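The values are calculated or read from the model by the stated rules, or taken from the named source; none is laboratory data. Note that the structure is a prediction, hence the values are computed from the model and not measured. Cβ coordinates were reconstructed from backbone atoms using ideal geometry, including for glycine residues, and neighbour counts include every protein chain displayed. For accessibility, only protein heavy atoms count, side chains too; no ligands or nucleic acids. Shrake-Rupley method; radii C 1.70, N 1.55, O 1.52, S 1.80 Å.
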Amino acid sequence: MAEPSPPPSNAGLRILLSKDRPPPSPPSTAVSTFSSHADRDRIIGVFRSALTRTEPPETFALPTVQEAIKPQKETVLVLEENQSLENALRTLLQELVSSAVQSGKKIMQYGNSLDSGESNCLITRLLDIVLYLCERGHVEGGMVFQLLEDLTEMSTIKDCKDILGYIESQQDVLGKQELFGRGKLVMLRTCNQLLRRLSKANDVVFCGRIIMFLAHFFPLSERSALNIKGVFNTSNVTKYENDAMDGISVDFNFYKTLWSLQEHFSNPALTSTNPAKWQKFSSSFAVVLSTFEAQPLSDDDGKLNNLDREEDAAFNIKYLTSSKLMGLELKDPSFRRHILVQCLIFFDYLKAPGKNDKEGPTGGMKEEIKSCEERVKKLLEVIPPKGKEFLKSIEHILEREKNWVWWKRDGCPAFEKPPFEKKSGQAGGRKRKPRWRLGNKELSQLWKWAEQNPNVLTDPDRVRMPSITEYWKPLAEDMDPSAGIEEEYHHKSNRVYCWKGLRFSARQDLDGFARFSDYGIEGVVPSELLSPEVNAKFSSKPAEKVKRLKREDSKGASAQPKEPQVAATPETDGGGSGGDPEEGAVPMDSDNGAAEDGQKRSPEEVSGPESGQCELETDADDNMKTKTTSRDARAGEK
């Protein structure tokens, strides 16, 4: 029976491929390790000797790096060289901190000479050298930030205060663009780790310094320091007593009601979306407001806790919740302000701009929020000292907070606008003015809009020219005696209105326009708009009006004395009895001609007051001459 053949093997292939390969060399891990440690010790020795020099860092920093590293390039280190230098400097920094701790001195004062009084701290000197190298671009820009992080981790809280002072002094250099982009995350991590080590109750000032530094170091549009998602700190739980203690004369129900509001303040989103929680908050808050209103504070209570004094400026950010202190806290103005300002912030969140209708409060909640907010503001005004000034400050802060909320919801756009670059035109060329179809931009756009909207001319709501009756209707109402319109407010006193009406009537109502010469502007008004009494004044013909005026003038002339008539007798004139009857008819013809001339006069002469007066005087003279001539004729016949 034949034996099974062995499985195919590629051993021969391996032999063929490795035949020309050189024999493997023995491992050199120990040699490379010894070499790296020797290089690190040599770099540390070079920098130790450089720290003792008193010249400015720019005079010896780069030659020191070239001596320690011997870089491939003269002024810039490559990646491996930067890594070797960073490891050596971190080791040197650790040795200096250890030596400072063993000597019992502060870290940022280690190496200072007590006799000379000059500041020659070795650690500060090392940081200055590395900062100069990073600023000039000789080494990697994030190296100085890494050294600062190591230094804060190796130091105590007291020493960290001095380290933060150094960082604040070099803030302008650290904030440059070439350094900020490489080390901003390291600096943020360093400050956050330091804040976790501090006590929020005992190290309030130090925490404030760190936060203020971050606010100045990072730009205003930096998203890393923002709560974009709007997450609340629900871990901040306010603990209070649930059972009443014996021997305490305090309304325990009010005590629990007051401190239960903190549950709603710590998570406003949950309260606004849950109707049961909102009802509970509303009832509890109404009880607190009623108690504050029933127990107002006097000016003496405000003087007992005056926050203007320096010794009271550093107060804790959280109040004690013991029921034994309830009576004292109710008399404390700052405690009341603390609770009421929390309420305003809570209401301001519920009314935050940009919320959708589903997320925002309902109609009933809006009314409750508005009424409660008014009560809170009234209470803040009466709380001493300087209640009105305090309320104005809080309202100003909340108003600015709305702008901050809008900015975050818009995606935190950058505040810095790029500079406007003017496009350079042709040399010596003049900018050509645009040419419009109808002469200017507005008319061209209006014509284009009309072409795109053909139905605009048939729109019943468009602006159109009124009819004759619509235009003269206001004047017709003023002409009614029952309206009692004064002359000052009469439409006929408006020259623009009358001028437009005459132009309008000249185009569409020639009969009415012709009446202007006889009756003035009031005669142009259509008769259907006038009352019967007013219409009767303007319905008579112009000839009848002239005759009526002549009859009135003749009656006035007959009442005059007869001395003027004696001068016109035949005896005085010496005419005798040779009077001709035809001579007496001539004045009658002239009278008729004068009447006809009066009808053919221009509108201006008829409408004007002086022209009317001249016409009346002329008619009176004609009537006197007619009567005198007729008497002479009768005397001649006799």
Of the conditions (1) within 23 Å of Leu330 (Cα to Cα); (2) within 36 Å of the chain's Cα centre (by Cα); (3) free of Cβ contacts under 8 Å to residues at least 40 places away in the same chain, Val237 satisfies every one except a single condition; which number is it? (2)
All positions within the stretch 494-517 that are farther than 22 Å from Glu533 by Cα, assigned to a helix (DSSP H, G or I) and open to solvent by 40 Å² or more (accessible area, probe 1.4 Å): Arg495, Val496, Trp499, Lys500, Arg503, Ala506, Arg507, Gln508, Leu510
Tell me yes or no: at least one residue of the stretch 101-108 is closer than 23 Å to Thr124 by Cα, at pLDDT 90 or above, of a type outside the set (A, V, I, L, M) and open to solvent by less than 50 Å² (accessible area, probe 1.4 Å). no
Residues that are modelled with pLDDT under 85, in a loop (DSSP other than H, G, I, E, B), on the phi < 0 side of the Ramachandran plot and surrounded by fewer than 16 Cβ atoms within 10 Å (Cβ to Cβ): does the stretch 52-69 have at least one? no
Among the residues of the stretch 221-235, how many are assigned to a loop (DSSP other than H, G, I, E, B) and of a type in the set (D, E, K, R)? 2
If you take the residues of the stretch 72-89 that are buried (at least 17 other Cβ atoms within 10 Å of the Cβ) and not small (Gly, Ala, Ser), which of them is farthest from Tyr132 (Cα to Cα)? Glu81
Test: Gly137 is within 40 Å of the chain's Cα centre (by Cα) and either of a type in the set (Phe, Trp, Tyr) or more than 22 Å from Gly208 (Cα to Cα) (or both): no
Quick check, is Glu470 open to solvent by 60 Å² or more (accessible area, probe 1.4 Å) and modelled with pLDDT under 85? no
Tell me which residues, restricted to the stretch 444-467, are in a helix (DSSP H, G or I) and modelled with pLDDT under 80. Leu446, Trp447, Lys448, Trp449, Ala450, Glu451, Gln452, Pro454, Asn455, Val456, Leu457, Thr458
Restricting to the stretch 234-250, count the residues that are of a type in the set (D, E, K, R) and either at pLDDT 90 or above or closer than 19 Å to Lys280 by Cα (or both). 2
Do any helices (runs of 4 or more DSSP H) entirely within the stretch 236-308 hold 2 or more residues that are surrounded by fewer than 15 Cβ atoms within 10 Å (Cβ to Cβ) and among the hydroxyl-bearing types (Ser, Thr, Tyr), and if so, which? 275-294
The conditions are (1) over 22 Å from Leu151 (Cα atoms); (2) at pLDDT 90 or above, and Thr273 fails exactly one of them. Which is it? (2)
